[in-house]
Each structure stands twice: as C-alpha cells, then as structure tokens.
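One structure is given below, encoded as structure tokens.
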Amino acid sequence: MERGARRGTVLAAVLAAAGGAAVAVGSTMDWATVAGRRQTAEVNGALLYAGITVACGLVALSAGLLALSARRGRTRGFLAAAVLAAGLASAGIGVAVASSDEAVLTRLAESSGRPGAYAGRGRRAPDVDPAAGLYLVIVGGVLAAAGGVSGLVGARERTSGDRILDRPPAADDTPPTPA
C-alpha cells in the first residue's frame, strides 16, 4: 500500500473510532432535562433508547480499530460499511430525539410506570431542554459516518486497482519483444 493510501486508511479508521467512542460515551450521559411545575428530571440516553446507540457506538469503534489492521480492500470496505450504518443510525436517533419533545416525554412517562403522565390534558407541557450527551451522540454519529464514507471510498479505489494489477496474464497475452 502506498503512503497516501495508508494515510487515508488511518484517517478513516481514526474518524470511525473517535466517532464511535463519542457515541458510546454520549449514550450513557444525560440527553435531556425535563422541567415541570414541581420537579425536574434528567433523562439518560440509555433510558431513551435502551442501548441502541451504545451498540452503534461500539460497532463503529470496533470496526474503526479493526480497519487499521485489515489488509484486503473488501474487508476494509465491509468494515467501512458497518461504520457508516452505525454512524447514520446513531446520528439519526439523536436528531429524532432532539427535534421532538414528544419522544422524550413519552419514554420518560413509560419508564416511570405512568403512561400518559406528561400528556397535555389541558395542562402546560413540561419544558424539554437537550443536554450534552445528546449533542455528543449526534456529533459522534456524523464523525463515524464520515469515517465510513472515507473508508468506503478508499477501499473501493484500492480494490479496483488491486483487480487490475493483480490479474494474472491471459494465455494469449505475450509481452512485445523489443526490436
């Protein structure tokens, strides 16, 4: 592997691993603060999506680290695709939660054992403020997805080059003789 290609592989792997670590850590932090009239509750990311984003973060982190030692372009391509899927899934979940107070309130009510506890019914709905963990999951998911795209592009370029250069010569391919 030439020097520039190796640098691209390392960059893709570092982006994937850093993004995966950010998603995994952000998933265990608070995602939102819900403030009602009488009480305030911190909503943890694991409570909201029961470890889905933690799993996505660990997949991206593991695949990013494995990509550093992968020798074959197809293997790097498979790992990059896994990183891309995990990054998009975690960023998508983060954006969905950040854009909808309803999702946070519904999950909080279900986890407290009082379904519908935060429903309007003529009352003012509680305020939902996003917290640092949610932003960390979104940024980490985007970083991992960028690492996945970079890894896919790099794996595709090196795989197509390998096919051309590593192809055994055909029986009728005789090198021209110098005159």
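The values are calculated or read from the model by the stated rules, or taken from the named source; none is laboratory data. Please read all numbers here as calculations on a predicted model, not as lab measurements. As a convention, Cβ positions derive from the backbone with ideal geometry for all residues, glycine included, and neighbour counts pool all protein chains shown. Accessible surface areas use protein heavy atoms only, side chains included; no ligands, DNA or RNA. Shrake-Rupley method; radii C 1.70, N 1.55, O 1.52, S 1.80 Å.
Can you name the residue in the stretch 31-63 that is hydroxyl-bearing (Ser, Thr, Tyr) and over 18 Å from GLY140 (Cβ atoms) and is also most open to solvent (accessible area, probe 1.4 Å) among such residues? Break it down stepwise before answering.
First, the residues of the stretch 31-63 that are hydroxyl-bearing (Ser, Thr, Tyr): 33, 40, 49, 53, 62.
Pick out the ones that are also over 18 Å from GLY140 (Cβ atoms) and you get 33, 40.
Values: THR33: 34, THR40: 95 Å².
Here the residue is THR40.
Which one of these is out of contact with any Phe, Trp or Tyr (no Cβ under 7 Å at 6 or more places or on another chain) and within 14 Å of ALA16 (Cα to Cα): LEU88, LEU47?
Exactly one of LEU88, LEU47 is out of contact with any Phe, Trp or Tyr (no Cβ under 7 Å at 6 or more places or on another chain) and within 14 Å of ALA16 (Cα to Cα), namely LEU88.
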- Tell me, yes or no, whether the stretch 64-74 has at least one residue that is in contact (Cβ under 8 Å) with a residue 40 or more places away in the chain, within 19 Å of GLY141 (Cβ to Cβ), part of a helix (DSSP H, G or I) and among the hydrophobic types (A, V, I, L, M, F, W, C). yes
- What number of residues within the stretch 127-153 are at pLDDT below 80 and either within 30 Å of LEU79 (Cα to Cα) or buried (at least 18 other Cβ atoms within 10 Å of the Cβ) (or both)? 1
